[in-house]
Amino acid sequence: MEAHYPKYLLYCLLIAGSWLFSCLLHFQYVHLSLSSSFAAAPRRAALVVLPAALDASFLPAPAVEAADDDKRWSASSPVVAAASPSPSSSPSSSPPPPSCEGRYVYMLEIPSRFDMLRDCVPGSPLFDDMWSWCAITVNAGLGPKINGSAGGDTKTGIIIPSTGWYSTDQYALEVIFHNRMRRRYECLTSDPSAATAVYVPYYPALELHQHLCGYNATARDGPSQAFLRWLSSQPTWAALGGRDHFMVAAKTTWMFRRDPTGGDDNGGCGNNFLGQPETSNMTVLTYESNIWAPLDIAVPYPSYFHPSSAGEVSAWQARARASQRRFLFAFAGARRAKGQLAIRDRVFDVCESAAAARGTCGLVDCSHGLEGSITCRTAARLVALFASARFCLQPRGDSFMRRSSIDSVMAGCVPVFFHRASTLEAQYRWHEPAAEQGGGRRRRRYYVLLDADDVLEGRVDIEEELSRYSDEEVAQMREEVIRMIPRFLYRDPRVRFEFEGEEVMRDAFDITMDGVMDRMRRIKNGEDVTLKGVDESDEAMSSAAGDS
């Protein structure tokens with residue numbers, strides 16, 4: 001019996017080997033089949049949330065929700081890698097949502113030497129200085145949170161709510177937009193070739209602000225020119241010469257279009273950032289554009305209202321509707337030295353006279369140095385004033401567009417303009433109500449346009465003209481303004497916005513991105529995207545505003 005052991009052992013080895021060989025063949029067949037299937041599948045761009053494009057430590061991890069509104073972002077904040085896996089990383093990874101087709105954005109990574117906020121880190125001298133530009137980084141650019149009980153108007157019942165309101169600097173949009181893009185824009189891609197547009201998170205307004213006026217041309221132009229040289233040397237630039245690139249410049253177009261031949265090389269204000277060959281190819285979003293020869297696109301100033309839910313928006317709209325409007329009209333602003341703006345002085349005179357004689361005008365005077373400036377940046381005071389008036393006067397300031405125009409919209413106050421270049425219709429073409437018409441609803445009148453020359457020469461009396469509108473007409477205009485509120489606010493970029501039911505509430509960022517994506521697609525299709533200049537007369541625009 002023992003003599004047969006080697007034979008039985010050989011039989012067992014042969015049987016086991018045959019079984020293993022069959023298993024290996026089967027596994028190899030399945031592996032090859034799966035590999036060929038994945039190879040044949042079309043590739044899609046990966047949805048990712050990229051690290052801070054400016055190496056900016058003030059930006060928190062994209063996945064972190066807002067926990068403490070009063071804390072600044074720390075350099076120790078971790079950076080989360082991808083929000084969703086790459087399609088090639090796992091056979092079970094789900095494809096990106098269909099809504100991202102044609103909406104992919106590649107966010108460029110900017111060297112730290114061009115980061116305007118690189119010194120805004122805990123422990124630095126600037127971080128705790130409330131007067132430094134680091135203050136703009138608080139709450140992802142929204143600014144300090146406003147205590148709901150800190151101010152308001154008890155006579156009208158308008159008090160700033162306890163949530164959603166911040167002391168937002170008017171030039172903070174570069175930071176707000178960057179935060180919203182990297183944290184809440186769902187169609188970011190790590191593949192530049194798959195992107196419809198390239199977002200450039202450079203802060204030209206914040207850079208200029210450090211040497212805005214009184215510096216020589218080299219100091220004002222040099223830093224931004226160095227950045228543009230770097231930008232135009234990048235691989236993403238080569239494909240279309242930068243025509244698929246876009247960025248935010250949080251000042252008016254005029255501050256970036258200083259004429260180098262204008263004789264102010266050693267003085268004056270502004271730089272020539274938007275006069276450079278590189279920026280002439282890009283889409284640049286500013287607060288105010290030149291409506292007669294538009295080369296850039298205007299987007300709204302940030303207001304003080306940055307809600308985190310549709311419920312907050314609806315609640316505020318209800319407050320604005322119910323507010324008691326005891327003033328016929330109101331104005332907040334400062335006179336200009338030596339009467340440089342005659343229409344501004346006339347508005348002051350009219351309002352002061354009406355307030356003293358009849359109590360029909362509410363006025364916040366910002367003319368008294370630092371105290372006046374702080375007063376006019378106090379959200380509770382401004383919102384209470386505008387929510388107490390039927391009409392809010394918006395004469396031009398240093399340029400045609402004023403942040404006050406957006407504040408009046410947020411308060412449900414009918415804006416009164418004195419120049420066609422100041423109207424929302426002329427400036428904010430993507431956001432103005434005419435852009436959303438459809439479904440059979442016609443646009444109603446929502447603003448008043450008075451000719452500045454007529455006012456200055458006595459042909460038009462502001463109070464008399466505004467008194468002609470009936471209660472019903474004013475109510476209709478106010479309702480149109482209140483409907484506009486969501487289109488002109490920027491939601492809190494740190495949190496996931498909560499909608500009510502199936503309705504989607506699109507804010508100024510959403511509308512801006514729709515406009516940018518449409519513009520980029522048309523550029524890539526070889527279409528002409530040059531905006532038409534506004535050449536209608538004041539009378540024609542006034543007539544159009546009066547259609548109901």
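What the table shows:
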{"read-out": "With every protein chain in place, region 201-356: carbon and sulfur % of accessible area (1.4 Å)", "value": "52"}
{"read-out": "Sites Asp128 and Ser162, calculated FRET efficiency, Cβ-Cβ separation with R0 25 Å, nearest 0.05", "value": "0.45"}
{"read-out": "Stretch gain in nm, segment Leu240-Arg496, where the contour uses 0.36 nm per residue and the Cα spacing is subtracted", "value": "88.7 nm"}
{"read-out": "Pairwise FRET efficiency - Arg444 versus Ala337, Cβ, R0 = 51 Å, nearest 0.05", "value": "0.80"}
{"read-out": "Per-peptide average of other Cβ atoms within 10 Å, ordering 483-490, 291-298, 108-115 highest first", "value": "483-490, 291-298, 108-115"}
{"read-out": "Region 122-242, accessible area per residue, ligands and nucleic acids excluded (1.4 Å, Å²)", "value": "38"}
{"read-out": "Cα-centred dipole magnitude for region 394-529, charges only on beta-carbon of K, R (+1) and D, E (-1), debye, nearest 20", "value": "680"}
{"read-out": "For region 481-494, Karplus couplings with θ = phi - 60° (6.51, -1.76, 1.60), whole Hz, Gly/Pro x", "value": "5, 5, 4, 6, 3, x, 6, 10, 10, 10, 5, 4, x, 8"}
{"read-out": "Residues with amide H under 5 Å from that of Cys392, placed H, sequence gap 5 or more", "value": "Ala330, Val414, Val416"}
{"read-out": "Stretch gain in nm, segment Leu456-Arg326, where the contour uses 0.36 nm per residue and the Cα spacing is subtracted", "value": "44.2 nm"}
{"read-out": "Sites Asp191 and Ser353, calculated FRET efficiency, Cβ-Cβ separation with R0 60 Å, nearest 0.05", "value": "0.40"}
{"read-out": "Region 265-350 shape via C-alpha gyration tensor axes, a/c threshold 1.5", "value": "oblate"}
{"read-out": "Accessible area per residue in Å² at 1.4 Å probe, computed on region 265-347", "value": "35"}
{"read-out": "Theoretical gain in end-to-end length, Thr378 to Arg113 [0.36 nm per residue, Cα-Cα removed]", "value": "92.0 nm"}
{"read-out": "Solvent-accessible heavy-atom area per residue, rounded to whole Å², over region 486-532 at 1.4 Å", "value": "51"}
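The values are calculated or read from the model by the stated rules, or taken from the named source; none is laboratory data. Just so it is clear, the structure is predicted and the values come from calculations on it, not from any experiment. FYI the Cβ positions are ideal-geometry reconstructions off the backbone, even for glycines, and counts take in every protein chain you see. All accessible areas refer to the heavy atoms of the entire protein, side chains included, with ligands and DNA or RNA removed. Shrake-Rupley method; radii C 1.70, N 1.55, O 1.52, S 1.80 Å.
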